[in-house]
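A.B. asks: If you scroll down you'll find the structure; I have some questions about it.
Each reported figure results from applying straightforward, stated rules to the coordinates on display, with no laboratory input. In this text, all values refer to a predicted model and were calculated from it rather than measured experimentally. Here the Cβ is made from the backbone with ideal geometry for all residues, glycine too, and neighbour counts use every protein chain on show.
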Amino acid sequence: MNDSTRTAYLSPQTAQTRRGAGAPDLLDLDTKDQTFLDATELVLNMGPQHPSTHGVLRVILKLDGEKVLGTECVIGYLHRGVEKIAENRTYTMFNPYVDRMDYVAAVSNGLGYCEAVEKLFATEAPQRAQYIRVILTELCRIASHQVWLGTHALDIGALTPLFYCFRDREEILKIFEKYCGARLTTHAFRIGGCIYEAYDGFEQDCKNFCDAFLPKSDEYEELLTTNRIWVGRTKGIGILKPEDCIALGVTGPVLRASGVKWDLRKAQPYESYKAFDFEIPTGVNGDTYDRYLVRIQEMRQSVRIIRQAVDGLPSGPIVAKIPKVLKPPVGEVYHSIEAPKGELGYFIVSDGSTQPYRVRVRPPSFVNLQALDKMVRGMLVADVVAVIGTLDIVLGEVDR
Amino acid sequence: MSEETKEPNPVLPESLTRPSTNRVAEPQSAASSLTPSVEQGGASADPGQPGTPAATPATTTEKPAETPKPSTPLSEAPAKPAAPAAKPAAPAAKPSPRTEGPKPLPWESELVVNLRSQYGSGIKEASTYVGQKYVVVDSAICYEVLRRMREDEQFDYCVDITAVHYPKREQPFDVVYILYSFHDNERVRVKTLITDGERLRSAVSIWPTANWLEREVFDMFGIEFDGHPDLKRILLPDGWKGHPLRKDYPILQQDKDWVQINLGIESGQ
C-alpha cells in the first residue's frame, strides 16, 4: 500500500507537509499525529449485526487510527440455555438439541453427546455403527471446513471460493439427506449406535464424493494458496504461539497451525479412529495463512479416513444393547471428541434418573474466541475480520 | 427474588417438578440408597406415584383383583411386584444396568501420593470412575492444588471449569476443573465443594483460559472468584436476575414475569 492511498483522507496540504517534513513514516502507526483523526483513541462497535462476525458476535474495538489497541467480545445474543434445557429433558430427548449448537457440524455434536452418554452406561456402539459414525463425522468435518473456507475467503474479499465450497458441500448434504432425511441438523446418531442402516448405495456415494473432492480441493488451493492478495491478507496475521495456544486453551486446527501436533482422534482415540491411518497436519508460524493450509490438509486427511472406513465397513448390528428407557447409573463423566473446531466436550452428571442432572458442554468456539484479543492487538481493523474468520467460530456454539 | 425462588415449584407443571424433586438428592446419598431406589425405579418407569401404577393395571389387565390396595403399607409390598409384572419387559431390563453401574475405584498414583503427602487431609478423595480420574480437594487449598498441578505436574491445559448445584447439600456447589496434560496425555478432574456465597480464588493467573470459563460459572451459578480481572456476566445481559443453572431457578416464573412486565398481559404458560 503506497503513501498516496494512506493519506487520501487528509487534505492535500496536510499530506504534503507530512511527506515534505519526512519525519513520521506514515506506515508507522505508533506515531502520534497531530491531525484530529488519529489523535485520540476511538472506541468502535462492531456487530452484532455484521456479516463478518459469522452470526451475532459483537466486538468492541479500541482503536488508535486503524490500529487495534484492544478488544472486548460481547456474546450471548444466541444464548438459548441449552444446558438448562437438558435438565428438563430425558437423555434421548436432549439428543437433537445438541445439533443446534454448532449447526454447521451437527453430526459431530451428536457424536460427542451420544458417546458421553454411552460412557455413562459403560457401553460402546457396535463396530458397524462406529464405522458409519466415523464416515459421517468426517464428511461433516469436510462440510464444516468448506463453510469456513467459503465465508472466511468472502470476508477477506475473495468471492469465488464461497461458490466452489458451497457447490461441493452440497454433495455431502445430499449424503446426509439420503441417510437420515435432514441436511443441517441431522440427529444422525442415537445413544448406543445409529438408528438408520446405511442406505443402498451409501458406500458408492461416499466413494464418489471422495474421488470428486480431491481435485476440488486442489481447485480451492489454486484460487488461494499463491494468490497475492490472499497471502498478503493472511500471512503474519493473528499469530498465536504454541505456548499461548495452550495457555488460552485453544484447540483444533488453530492449535495445530501453531505447530502442536495434537488431535484427540490420535491422542485419545474414540470410536474406531485407531483403525485408520491418517496424519495430523500442522503449521509452523501459527498465522492465518497456516491455519488455512492446515484446514485444507485436514479435509484431505478426512477423505483418507472416509475411504478406509467405507472399504472396511463391517457388517453386524448398528445399535448396542441398551435399555429403551435410559437410566444411567449415578456418576459423572467427561468425554470429548475432536470436532471440526477443536475439543468438544460433554460433562454429564447422572443421578440415576431418566433426565441428566447436569450437562455441561465444553464448546471449542467459545474457548477459541477468547484468543481473539491476543491475536488482533496491534493489528489493523481489517485484520480483525480475517482473524474472526480464521478462528472458525459458530455463534450457536459460543452462546449455546 | 427470594420469593421467586421459593415460589416456583407449585407453578411448574407436575411433569417438571416431579423429577427435579427426585434429583435434588445428593449423589452420595443417592448412591447409598441405590438398592431401595432400584425397586422403586422399576415402578417409576411410569410416574413414581403409587396411585398411577395401580391405575394402569386396572385399566389394561384383567379383573381389578387389587382391592387390597387401600390396606396397610405392609400389604402394599406384594401389590408392588404385581404392577411391574403387568408391564412390558422394559422395567425388568432396567434395574440391571443400574445395579451393575460402575463404582468409583480408589486411584493410586505418584501424583496422588505427592498430593497427599503435601496436603494431607485436604485431599478428600482420589478415585477413578469408568477410567476417568478425579480428585476432590478442600476448597481452602483448591488454588494451591491447581497451581501445583500446573507447575509441577505439567497439567498445562485447563480444558473446562464448571459447577454443579446440589441445593439440599450442606455445601451445595461442586466446582469442577477439568485439566489435561499434553506431556502425559492424561486428563484429571479437580473437584471442590463450596458453600453458597463462598468465594474461590480465581485460576486466571494459572491458566488465562479460566477467564471466560469462570465468568460463565459466575453467570450461571453466582459463584464468585477472587482476583478475577473482569468478573461479570458473559452469556446473559448485565441486568439479569438470578443464576439460571441453579436448581432452584424458576424458569416458568421468569417467563411469566417477563411477559407481564414487557407485554403487560398474563402469560399463557
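A.B. asks: Name every residue in the range A:261-290 that is under 24 Å from B:W207 (Cα atoms), within 14 Å of another protein chain (Cβ to nearest Cβ) and over 17 Å from the mean Cα position of the chain (by Cα), in order of residue number.
C.D. replies: Result: A:K261, A:A267, A:Q268.
A.B. asks: Go through the range A:345-381 and report how many residues are touching a helix residue (DSSP H, G or I) at 6+ places or on another chain (Cβ under 8 Å) and within 27 Å of A:L293 (Cβ to Cβ).
C.D. replies: 15
A.B. asks: Name the one entry in A:A143, A:A129 that is surrounded by 24 or more Cβ atoms within 10 Å (Cβ to Cβ) and either under 14 Å from the mean Cα position of the chain (by Cα) or within 16 Å of A:L173 (Cα to Cα) (or both).
C.D. replies: Answer to the selection: A:A143.
A.B. asks: When residues of the range A:91-121 are filtered for being within 14 Å of chain B (Cβ to nearest Cβ) and in contact (Cβ under 8 Å) with a residue 12 or more places away in the chain, how many remain?
C.D. replies: Number satisfying all stated conditions: 12.
A.B. asks: If you take the residues in the range A:192-219 that are within 24 Å of the chain's Cα centre (by Cα) and touching a residue at least 60 places away in the same chain (Cβ under 8 Å), which one is surrounded by the fewest Cβ atoms within 10 Å (Cβ to Cβ)?
C.D. replies: A:L214
A.B. asks: Working only within the range A:71-90, note down all residues that are facing chain B (nearest Cβ under 9 Å), assigned to a helix (DSSP H, G or I) and more than 21 Å from the chain's Cα centre (by Cα).
C.D. replies: Those that are facing chain B (nearest Cβ under 9 Å), assigned to a helix (DSSP H, G or I) and more than 21 Å from the chain's Cα centre (by Cα): A:K84, A:E87.
A.B. asks: Does the range B:221-229 contain any residue that is crowded, with 20+ Cβ neighbours inside 10 Å and either within 11 Å of another protein chain (Cβ to nearest Cβ) or within 17 Å of B:A126 (Cβ to Cβ) (or both)?
C.D. replies: Yes: the range B:221-229 contains one or more residues that are crowded, with 20+ Cβ neighbours inside 10 Å and either within 11 Å of another protein chain (Cβ to nearest Cβ) or within 17 Å of B:A126 (Cβ to Cβ) (or both).
A.B. asks: Please determine, by comparing only the residues of the range B:132-145 that are in contact with a strand residue (DSSP E or B) (Cβ under 7 Å, 6 or more places away or on another chain) and more than 14 Å from every other protein chain (Cβ to nearest Cβ), which one is farthest from B:G222 (Cα to Cα).
C.D. replies: Among them, the one singled out is B:V145.
A.B. asks: Could you grab me the full set of residues in the range B:197-216 that are within 14 Å of chain A (Cβ to nearest Cβ) and among the basic types (K, R)?
C.D. replies: Across the range B:197-216, the qualifying residue is only B:R215.
A.B. asks: Where residues in the range A:236-279 are among the small types (G, A, S) and in a loop (DSSP other than H, G, I, E, B), which of them is nearest to A:G193 (Cα to Cα)?
C.D. replies: Going through the qualifying residues, I end up with A:S272.
A.B. asks: Looking at (1) under 16 Å from A:G249 (Cβ atoms); (2) out of contact with any Cys (no Cβ under 8 Å at 6 or more places or on another chain); (3) assigned to a strand (DSSP E or B), which is the only condition B:Y134 fails?
C.D. replies: Unmet condition: (1).
A.B. asks: Given A:V359, A:V349, which one is more than 30 Å from A:D64 (Cα to Cα), free of Cβ contacts under 8 Å to residues at least 40 places away in the same chain and within 14 Å of chain B (Cβ to nearest Cβ)?
C.D. replies: Answer to the check: A:V349.
A.B. asks: Hey, does the range B:255-265 have a residue that's within 14 Å of chain A (Cβ to nearest Cβ), without any contact (Cβ under 8 Å) to a residue 40 or more places away in the chain and small (G, A, S)?
C.D. replies: No, that holds for no residue.
A.B. asks: Select, from A:I337, A:I306, A:I318, A:I322, the only residue that is over 23 Å from the mean Cα position of the chain (by Cα), within 29 Å of A:C210 (Cα to Cα) and either crowded, with 20+ Cβ neighbours inside 10 Å or within 12 Å of chain B (Cβ to nearest Cβ) (or both).
C.D. replies: Residue meeting the stated conditions: A:I318.
A.B. asks: Is it fair to say A:I229 is within 14 Å of chain B (Cβ to nearest Cβ), aliphatic (A, V, I, L, M) and surrounded by fewer than 20 Cβ atoms within 10 Å (Cβ to Cβ)?
C.D. replies: No.
A.B. asks: Could you list all residues from the range A:241-254 that are surrounded by 24 or more Cβ atoms within 10 Å (Cβ to Cβ) and either closer than 9 Å to A:T282 by Cβ or more than 10 Å from every other protein chain (Cβ to nearest Cβ) (or both)?
C.D. replies: A:G252, A:P253, A:V254
A.B. asks: Given the conditions (1) more than 23 Å from the chain's Cα centre (by Cα); (2) part of a loop (DSSP other than H, G, I, E, B), and given that B:R148 satisfies all but one, which numbered condition is not satisfied?
C.D. replies: Failed condition: (2).
A.B. asks: Give A:G389, A:G342, A:G378 a once-over and let me know the one that is under 19 Å from A:L149 (Cβ atoms), more than 11 Å from chain B (Cβ to nearest Cβ), touching a Leu at 6+ places or on another chain (Cβ under 9 Å) and not acidic (D, E).
C.D. replies: Unique residue meeting the criteria: A:G389.
A.B. asks: Name the residue that is nearest to B:R246 (Cα to Cα), counting only residues in the range B:180-201 that are in contact with a Leu (Cβ under 8 Å, 6 or more places away or on another chain) and of a type outside the set (D, E, K, R).
C.D. replies: Among them, the one singled out is B:I194.
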